[in-house]
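The values are calculated or read from the model by the stated rules, or taken from the named source; none is laboratory data. On a predicted model such as this, the values are computed, not experimentally measured, just so you know. All Cβ positions, glycine included, derive from the backbone under ideal geometry; neighbour counts span all protein chains shown.
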Amino acid sequence: MRIGNLQLPNNLVAAPLAGISNRAYRVLCRRYGAGLVFVEMLKVESVLHHNRKTMTLKYYREDERPVGIQFCGNNPSWLAEACRMAEAEGYDVVDFNMGCPVPKIGKCGAGSALMAYPERAAKCIEAMVKAVKIPVTVKMRAGVNDSCLNFTQIGRIAEDAGVVALTIHPRTRAQMFTGSADHARTGELKAAVRIPVIASGDVKEPEDAVRILRQTGCDGIMLGRGVWGRPWLFREISETLRHGRVITPPPGPLERLAVLREHFEMLLENFDVTHACNVVRRYATWYVRDVEGSAQFRARITRVATRDQFHEVLDEITRAFEEQLGVPDDEQISARVAVAG
Ligand SMILES: Cc1cc2nc3c(=O)[nH]c(=O)nc-3n(C[C@H](O)[C@H](O)[C@H](O)COP(=O)(O)O)c2cc1C
């Protein structure tokens, strides 16, 4: 998929996810086949004030490319300034968030609340596009509520302003995360604009991605909750699109534990150990949630408080699974690494 002057390796995008899409998450998404990854949504005010937490969240490295950043706000000149900063910092894409339904953001007239003010939205988007040469994209919802379903209007405004791709999560702001993502709306948006449209929402299995691409004619798929603890869903979707089915079997418990260990070590690159332990607890349960006999270990991982404790618990869990399954031989391991690479 091509967005503006940026050619992506494929049409699968890792969603910006507040509290989730940190560097470790993004590296694993890229490794398993995401064609573009995003830093979580940042409030434009926090970016311009160099807020400390925001600086940590913004941290990325070359191995993540192509990598995008996402801003929310409703002040055109602040947004333009933040875009210039993002360009100078080397991000490949800047996305404007018009999808966040959280009241804290909505009460400032930003995120999906801004969809109720198309003229204001147009000013923000125009300012962002004019400020930089890197591609500017917009991510939105279907509308504010069932009586304000204005995604095609916002899509056209964005296209006219020079935005190079749109992502739609086709639920309304009022819906939050209830009900289901109505991808008939994704198809409507695709028919209304000429720029690439990316579908976000409820892609949990490769078949979901294939169906949405076929039924809507959209250009790309963005994955959010479906890849939590399952970054290989990107690979599974790619294989299904290419070969009609998943070729590489999902990683077994030992590989998952190795990925979890690596995930934790990467978290330590930009979080202190207490925060890294808090974050990894959540990931840990996701990685092994469907592994038989993992319930007892999940409870133990949720109690780790230091790096040593984390590795001790993981060593123990790994030994238990090795006893159960046998240690994989080198040939098996290198075959897997080759496939994942
Ligand atoms: C915990 C959480 C955090 C999210 N954070 C963001 C965000 O920072 N920016 C954004 O555009 N969307 C955010 N979203 C929305 C997702 O990017 C995505 O559009 C939505 O979850 C639907 O896709 P899914 O069903 O694949 O998860 C968030 C969703 C969740 C559940």
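One line per residue, one yes/no per condition, for (1) of a type outside the set (A, V, I, L, M); (2) surrounded by fewer than 22 Cβ atoms within 10 Å (Cβ to Cβ):
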| position | (1), (2) |
| --- | --- |
| 102 | no, yes |
| 116 | no, yes |
| 122 | no, yes |
| 145 | yes, yes |
| 160 | yes, yes |
| 164 | no, yes |
| 168 | no, no |
| 175 | yes, yes |
| 191 | no, yes |
Going residue by residue through the stretch 2-10, is there one that turns out to be crowded, with 21+ Cβ neighbours inside 10 Å and within 30 Å of residue 106 (Cα to Cα)?
yes
So residue 300 passes all but one of these: (1) touching a helix residue (DSSP H, G or I) at 6+ places or on another chain (Cβ under 7 Å); (2) modelled with pLDDT under 90; (3) surrounded by fewer than 15 Cβ atoms within 10 Å (Cβ to Cβ). Which condition number does it fail?
(3)
Quick test for you: out of 282, 261, 245, pick the one residue that is touching an Asp or Glu at 6+ places or on another chain (Cβ under 9 Å) and either surrounded by fewer than 18 Cβ atoms within 10 Å (Cβ to Cβ) or at pLDDT below 95 (or both).
245
Hey, residue 73 at positive phi and among the small types (Gly, Ala, Ser) or not:
yes
Residue pairs meeting the criteria (Cβ under 7 Å; at least 6 apart or on separate chains; first farther than 21 Å from residue 4 by Cα and within 16 Å of the ligand (Cβ to nearest atom), in the stretch 75-102; second hydrophobic (A, V, I, L, M, F, W, C) and in a loop (DSSP other than H, G, I, E, B)):
101/176
What are the residues in the stretch 49-77 that are surrounded by fewer than 18 Cβ atoms within 10 Å (Cβ to Cβ) and hydrophobic (A, V, I, L, M, F, W, C), if any?
55
Residue 39 meets each of (1) closer than 30 Å to residue 251 by Cβ; (2) modelled with pLDDT under 95 with one exception, condition (2)
Inter-residue pairs, beta-carbon under 6 Å, first free of Cβ contacts under 8 Å to residues at least 40 places away in the same chain and in the stretch 206-229, second crowded, with 20+ Cβ neighbours inside 10 Å and hydroxyl-bearing (Ser, Thr, Tyr), 6+ apart
216/186; 218/186
Working only within the stretch 222-239, note down all residues that are surrounded by fewer than 21 Cβ atoms within 10 Å (Cβ to Cβ) and touching a strand residue (DSSP E or B) at 6+ places or on another chain (Cβ under 9 Å).
224
Is the stretch 28-43 home to any residue that is of a type outside the set (D, E, K, R) and surrounded by fewer than 20 Cβ atoms within 10 Å (Cβ to Cβ)?
no
Within the stretch 9-45, residues being among the β-branched types (Val, Ile, Thr) and either without any contact (Cβ under 8 Å) to a residue 60 or more places away in the chain or more than 13 Å from the ligand (Cβ to nearest atom) (or both) number 4
Among the residues of the stretch 231-245, write down those that are under 22 Å from the mean Cα position of the chain (by Cα) and either in a helix (DSSP H, G or I) or without any contact (Cβ under 8 Å) to a residue 60 or more places away in the chain (or both).
233, 234, 235, 236, 237, 238, 239, 240, 241
Have a look at 193, 164, 197, 138 and point out the one that is in contact with a Cys (Cβ under 8 Å, 6 or more places away or on another chain) and of a type in the set (A, V, I, L, M, F, W, C).
197
